[in-house]
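Here is the structure we will look at.
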Amino acid sequence: MTDERPGTTSPPAAGHAPVLPAIPAETTLLAARIRELVEAGVHTDVAAEDLRAAAEHVTAATELLRERTREEPLLLSYLDGNQVSVHNPVEGPGNPLAPPMVGLEIDESGATSSTALLGAAYEGPPGRVHGGWVASLLDHAVGRAVAVAGHPAMTVSLTVDYRRGTPHGVPLTINARFTGKEGRKVFATGEIVADGETTAEASAILVTY
Ligand SMILES: CCCCCCCCCCCCCC(=O)SCCNC(=O)CCNC(=O)[C@H](O)C(C)(C)COP(=O)(O)OP(=O)(O)OC[C@H]1O[C@@H](n2cnc3c(N)ncnc32)[C@H](O)[C@@H]1OP(=O)(O)O
């Protein structure tokens, strides 16, 4: 099933993924609650018996969710007028692993901008987001930017310059733009801005498929 609307971007391998007209509110709700659980889990200092009791609640929830499952986790839908992958680990509002990266805006030049708020569960250096997650945000942003430019492609090379620590608990702006094409190779750059300062920059080569 496909559902292409003008002005939206198509994901890799979108052809066979079910496309929902809207993201079910309960899907987003569950993911949000699990994110809160993860955040509470890394901050908690309760006694061992309370940790055990909480673990039993989580086990019960997991068993409930496993009662009926889909073969493939990928679902597509729409958010802010753009097609999104509901269970993508960076932008997916239905994936608790995803911060998620939201609010995609595209300016008249085609440059993209999104936001994300990462909590303490994403910490690498003290008070700072883990570098792998910084790279993930940028990888996703350049992938999105080239798709928006009409060249959906996979990253083959991503160079990240970590300029300063990216704080957690602070809204991040993730910018990216398509910068050129050479055969199947597509080029893009991006950066993360926190509190008005650029914390990381990326340049990427992607290959169209
Ligand atoms: C859902 C909602 C919609 C949203 C959609 C948008 C958002 C989604 C955002 C998601 C974002 C998620 C982001 C992700 O997670 S992307 C996932 C991470 N990336 C991958 O898994 C890609 C793994 N790589 C491959 O599978 C293959 O390499 C592919 C298939 C891509 C190309 O293999 P293929 O055999 O077909 O091609 P080729 O080897 O002849 O290469 C072709 C050209 O490329 C040049 N080359 C290759 N490697 C490099 C390199 N390292 N540096 C510089 N150049 C390199 C090469 O020299 C050649 O150039 P030329 O000789 O033609 O000049």
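Within segment 106-163, how many residues turn out to be touching a residue at least 12 places away in the same chain (Cβ under 8 Å), farther than 27 Å from Arg35 by Cα and of a type in the set (Asp, Glu)? Give the steps one after another, and end with the answer.
Taking segment 106-163 and keeping what is touching a residue at least 12 places away in the same chain (Cβ under 8 Å), we get 106, 109-123, 125, 127-129, 131, 133-149, 151-163.
Now narrow it down to the ones that are farther than 27 Å from Arg35 by Cα: 106, 109-111, 146-149, 151-159, 161, 163.
After this cut, where a residue has to be of a type in the set (Asp, Glu) as well, the list is 161.
Counting residues in segment 106-163 that are touching a residue at least 12 places away in the same chain (Cβ under 8 Å), farther than 27 Å from Arg35 by Cα and of a type in the set (Asp, Glu) gives 1.
From the residues in segment 164-178 that are β-branched (Val, Ile, Thr) and free of Cβ contacts under 8 Å to residues at least 60 places away in the same chain, which one is nearest to the ligand (Cβ to nearest atom)? Walk me through it before giving the result.
Filtering segment 164-178 for residues β-branched (Val, Ile, Thr) gives 166, 170, 173-174.
Then drop every residue that is not free of Cβ contacts under 8 Å to residues at least 60 places away in the same chain, which leaves 166, 170.
Values: Thr166: 19, Val170: 23 Å.
Of everything passing the filter in segment 164-178, Thr166 is nearest to the ligand (Cβ to nearest atom).
For segment 19-50, what are the residues that are more than 16 Å from Pro93 (Cα to Cα) and either part of a loop (DSSP other than H, G, I, E, B) or modelled with pLDDT under 90 (or both)? So that I can check it myself, show each step before the final result.
Step one: of segment 19-50, the residues more than 16 Å from Pro93 (Cα to Cα) are 39-50.
Thr44, Asp45, Val46, Ala47 - these are the residues of segment 19-50 that are more than 16 Å from Pro93 (Cα to Cα) and either part of a loop (DSSP other than H, G, I, E, B) or modelled with pLDDT under 90 (or both).
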Residues of segment 161-186 satisfying the condition of being surrounded by fewer than 19 Cβ atoms within 10 Å (Cβ to Cβ) and farther than 30 Å from Ala40 by Cα: Asp161, Thr179, Gly180, Lys181, Glu182, Gly183, Arg184, Lys185
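Okay, residues lined up against (1) under 24 Å from Leu30 (Cβ atoms); (2) touching a Lys or Arg at 6+ places or on another chain (Cβ under 9 Å):
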| residue | (1), (2) |
| --- | --- |
| Val102 | yes, no |
| Gly131 | no, no |
| Val142 | no, yes |
| Ala153 | no, yes |
| Val160 | no, no |
| Thr189 | no, yes |
| Val193 | no, no |
Give Glu91, Glu49, Glu108, Glu67 a once-over and let me know the one that is surrounded by 15 or more Cβ atoms within 10 Å (Cβ to Cβ) and of a type in the set (D, E, K, R). Glu91
Take the conditions out of contact with any Pro (no Cβ under 7 Å at 6 or more places or on another chain) and in contact (Cβ under 8 Å) with a residue 24 or more places away in the chain and apply them to Val42. Does it pass? yes
Output yes when any residue across segment 179-193 is touching a residue at least 24 places away in the same chain (Cβ under 8 Å) and under 16 Å from Pro100 (Cα atoms), and no when none is. yes
Only one of (1) surrounded by fewer than 17 Cβ atoms within 10 Å (Cβ to Cβ); (2) within 11 Å of the ligand (Cβ to nearest atom) does not apply to Ala149, and that is (1)
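The values are calculated or read from the model by the stated rules, or taken from the named source; none is laboratory data. Computed from a prediction, not measured in an experiment: that's the story for all the values here. Positions of Cβ are generated from backbone atoms using ideal geometry, with glycine treated the same way; all protein chains shown enter the neighbour counts.
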